[in-house]
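Novice: My questions all concern the structure below.
Each reported figure results from applying straightforward, stated rules to the coordinates on display, with no laboratory input. All figures in this text were calculated on a predicted structure; none of them were measured in a lab. Please note: Cβ atoms are built from the backbone with ideal geometry, for glycine as well, and neighbour counts cover all protein chains shown.
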Amino acid sequence: MTTGTHPTDWTYICQLQDIPVLGARRVSRPQGLDVAVFRNDRDEVFALLDRCPHKGGPLSQGIVFGTHVACPLHNWTIGLCDGQASAPDEGCTPKFAVQREGDAIYLLASELSGHAVAETRPVAGPVQRITQHKQA
Ligand code: FES
């Protein structure tokens, strides 16, 4: 979390009170997956791509504790400061800069439009069978 004066690139998102304590609020983007903005019990605010590095679970629906969030799918623990999975799990989800001025929460416009836009969520479904055709 960053504090202090902000350049014009910061985009107002919401008020602190709009984010549930120990929860998150999702922010949609023109392209790419949503950003999850988290609030812990010390009113610290963090932002990560709303995608678990394990199998793409929605971190915004996880439980926040301290400076971590537990993924709702398989309970991996992800650091809110850096997006890193806690050992022994491995992986990282992209983080976003956050600024708070009073109770106003901001994200960087440049990150909302261009950061981690190529990240996708795994698609669930049946495995496709690949058949080989022999040619005579
Ligand atoms: S998808 Fe998050 S722990 Fe598996």
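Novice: How high is the FRET efficiency from D18 to A118, r the C-beta distance, R0 22 Å, rounded to 0.05?
Specialist: The calculated FRET efficiency here is 0.15.
Novice: Label the range 41-119 by shape, choosing from rounded, prolate and oblate, from the square roots a ≥ b ≥ c of the eigenvalues of the Cα gyration tensor; if a/c is under 1.5 it is rounded, and otherwise prolate applies when a/b is larger than b/c, oblate when it is not.
Specialist: Oblate is the answer for the range 41-119, as a/c is 1.5 or above yet b/c matches or exceeds a/b.
Novice: Please work out the FRET efficiency for the pair E90 and E44, using the Cβ-Cβ distance as r and a Förster radius of 30 Å; give the result to the nearest 0.05.
Specialist: Rounded to the nearest 0.05, the efficiency is 0.75.
Novice: Let me ask something else. 5 Å is the cut-off here: which amide hydrogens, built 1.01 Å from N in the peptide plane, fall below it relative to G66, excluding neighbours closer than 5 in sequence?
Specialist: D41
Novice: Compute the Kirkwood hydrodynamic radius of the chain, taking the inverse of the mean of 1/r over all pairs of distinct Cα atoms, and give it in Å to one decimal.
Specialist: Details: mean 1/r = 0.0633 Å⁻¹.
When all Cα pairs of the chain are included, the Kirkwood radius is 15.8 Å.
Novice: When Rg is the radius of gyration of the Cα atoms in the range 6-69 and Rh is its Kirkwood radius, what does Rg/Rh come to? Don't skip to the end; give the middle numbers.
Specialist: Details: Rg = 12.0 Å, Rh = 12.3 Å.
Radius of gyration relative to Kirkwood radius: 0.97.
Novice: Using only DSSP helix segments of four residues or longer, with each worth -39500 (n - 2.57), what per-residue ellipticity at 222 nm results for the chain after dividing by its residue count and rounding to 500?
Specialist: Details: 1 runs with 6 residues, N = 136.
My calculation for the chain gives -1000 deg cm²/dmol from helical runs alone.
Novice: Once the piece of chain linking T67 and S110 is laid out straight, how much longer is it, given 0.36 nm per residue of separation minus the C-alpha distance between them?
Specialist: Computed gain between T67 and S110 is 13.0 nm.
Novice: Under the Cβ-under-4.7 Å rule, which cysteines of the chain stay unpaired?
Specialist: C14, C81, C92
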